[in-house]
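Working notes for the structure below.
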Ligand code: SF4
Ligand code: SF4
C-alpha cells in the first residue's frame, strides 16, 4: 500500500480509501463490517461514510466494525458528513453519527455535498460553518473538510476565503476538466485531496472497451488504469472506491500495489486523447454556463454521458443524487441555442435534453 500525507494534518492516508456507499448486502451487517476489517488488514486506513448512505446503515456497519478495527492496533481514520442547514441540525446529525458509529470522535467531518456557491453561502449565513469549527474546538471532530460538486473555478474562489483541512471532490478520467482548477487550488493550500467517483460513477468500470485507451502499461485492468491515472497526480491524497464486496477491495489494493506512475508526458497525452476520443461525450468543461434561464447545462449533459455509456447509473438518479437537480428544470429551456454555440465539443445539447426527458419518463 502507498500512503500519502493528508495536507498539513500530519496524517498518512492510504492511496485508496474505503467508500461506504456501495455495500452489496448492507442488511448483512456482520459480513459488511468484516469488509472494513479486511480492508484494514490489506493496508486501507481511510474509511468514509455519510449519514444518508443506506439510510444510516452504512454508519452502523462502521460502528459494528469498530471494535475489531481497534483490536488490530493499526492506525485508521473515520470520515463522515453532514448536509445540515442549521447549527442545531448539525449537532443532531453528529450526535446520531457518533451513536451509529459507536465512537466519540470523527477524524474527518465534512460539510457535505455543497452544490453551488449559493448553497454554501446559505449554510454559512445560517451559522453552520462556525458550528463545524466549534465541534473541532470541543474535540468531537479532528479535521473539518468539505465535499463538493461545484465547478473547479467555483471551488477555487471559495478556497480563496475559506479554510479547510481537506476537500473531497468527484474527479476521474472522464470529468477532470470540470474540477481541475479546484483541485489545483486545494493542493496549493496544502489541503488533503480525496477523490470520489474515481471510476466516473461506474461509467469507466462498466465500459472497459471504450476506455481501454487509458491503459498505459501492460497487464493493467481498467480499474488499475483509472486509479493509476489519478495516483499519478501527486496532489491527490487518496481515491475513494465504493466497495461492494471483498473482491473489489482486492482489485483496488492490487491496483495500488502495481502502481507505476504515468509520466507527465503520458498524462498530458492521455488528457488530450480523452478529449479527442470523446468528441461525442460531455467533458464537463463548463463552457456552456451561459444559459439566460440559469439551467446548469453541464450537469444534464454529464448525466447524459451515463445514458450514452449504458452505465448502470441511471441518468435521472445521477441528476438527483450527484447534482441535486430534477428533470423538470429543463422546462425552462427556451431553445435559444446559446449553450450549443458555446459547447467546446459542439454537442447537440437540445437533442440530448429531449432524450434525457424521454428516458426519465420511462
Ligand atoms: S438552449 Fe435552453 S439550456 Fe441552452 S442556453 Fe438556451 S435556454 Fe439555456
Ligand atoms: S455540454 Fe459542452 S460545453 Fe457544456 S460541459 Fe459538456 S462539453 Fe463542456
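Every residue, every condition in (1) in a loop (DSSP other than H, G, I, E, B); (2) modelled with pLDDT under 95, yes or no:
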site	(1), (2)
7	yes, no
17	no, no
26	yes, yes
35	no, no
39	no, no
47	no, no
64	no, no
69	no, no
Check: Among the residues of the stretch 164-178 satisfying the criterion of being crowded, with 24+ Cβ neighbours inside 10 Å and at pLDDT 95 or above, which is nearest to the chain's Cα centre (by Cα)?
Finding: 168
Check: Just checking, how many residues over the stretch 179-223 are within 13 Å of the chain's Cα centre (by Cα) and farther than 23 Å from residue 4 by Cα?
Finding: 2
Margin query: Can you list residue pairs whose Cβ atoms sit under 7 Å apart, with the first residue in the stretch 337-356 being outside the structural domain of residue 304 (by TED's automatic domain parsing) and the second being within 11 Å of ligand 1 (Cβ to nearest atom)? Count only pairs 6 or more apart in sequence or on different chains.
Written below: none
Next item on the list: Could you identify the single residue in 202, 192 that is modelled with pLDDT of 95 or more and assigned by TED's automatic domain parsing to the domain that holds residue 46?
Entry: 192
Checklist line | Selected residue (criterion: modelled with the highest pLDDT) from residues of the stretch 97-119 that are surrounded by fewer than 17 Cβ atoms within 10 Å (Cβ to Cβ), in a helix (DSSP H, G or I) and out of contact with any helix residue (DSSP H, G or I) (no Cβ under 7 Å at 6 or more places or on another chain) | finding: 99
Check: Which of the residues belonging to the stretch 175-205 are closer than 17 Å to residue 271 by Cβ, out of contact with any strand residue (DSSP E or B) (no Cβ under 7 Å at 6 or more places or on another chain) and not in a helix (DSSP H, G or I)?
Finding: 175
Check: Filtering the stretch 223-247 down to residues that are farther than 16 Å from residue 267 by Cα and in a helix (DSSP H, G or I), which residue is modelled with the lowest pLDDT?
Finding: 223
Check: Identify, please: which residue in the stretch 329-347 is farther than 16 Å from residue 315 by Cβ and touching a helix residue (DSSP H, G or I) at 6+ places or on another chain (Cβ under 7 Å) and is, among those, farthest from ligand 1 (Cβ to nearest atom)?
Finding: 343
Note to self: Can you list the helices (runs of 4 or more DSSP H) lying wholly within the stretch 254-362 that have 3 or more residues being more than 16 Å from ligand 2 (Cβ to nearest atom) and modelled with pLDDT under 95?
What the structure shows: 264-277, 349-360
Item checked: Test result for residue 50, out of contact with any strand residue (DSSP E or B) (no Cβ under 6 Å at 6 or more places or on another chain), under 24 Å from residue 155 (Cα atoms) and outside the structural domain of residue 322 (by TED's automatic domain parsing) -> no
Next item on the list: Kindly establish whether residue 146 is surrounded by 18 or more Cβ atoms within 10 Å (Cβ to Cβ), within 15 Å of residue 83 (Cα to Cα) and in the same structural domain as residue 95 (by TED's automatic domain parsing).
Entry: yes
Check: Can you tell me which of 204, 195, 214 is farther than 25 Å from residue 81 by Cβ and crowded, with 22+ Cβ neighbours inside 10 Å?
Finding: 214
Checklist line | Residue list for the stretch 235-249, restricted to those being surrounded by fewer than 19 Cβ atoms within 10 Å (Cβ to Cβ) and touching a residue at least 24 places away in the same chain (Cβ under 8 Å) | finding: 235, 244, 245, 246
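The values are calculated or read from the model by the stated rules, or taken from the named source; none is laboratory data. All figures in this text were calculated on a predicted structure; none of them were measured in a lab. Note that we place each Cβ from the backbone using ideal geometry, even for glycine, and neighbour counts take in every protein chain shown.
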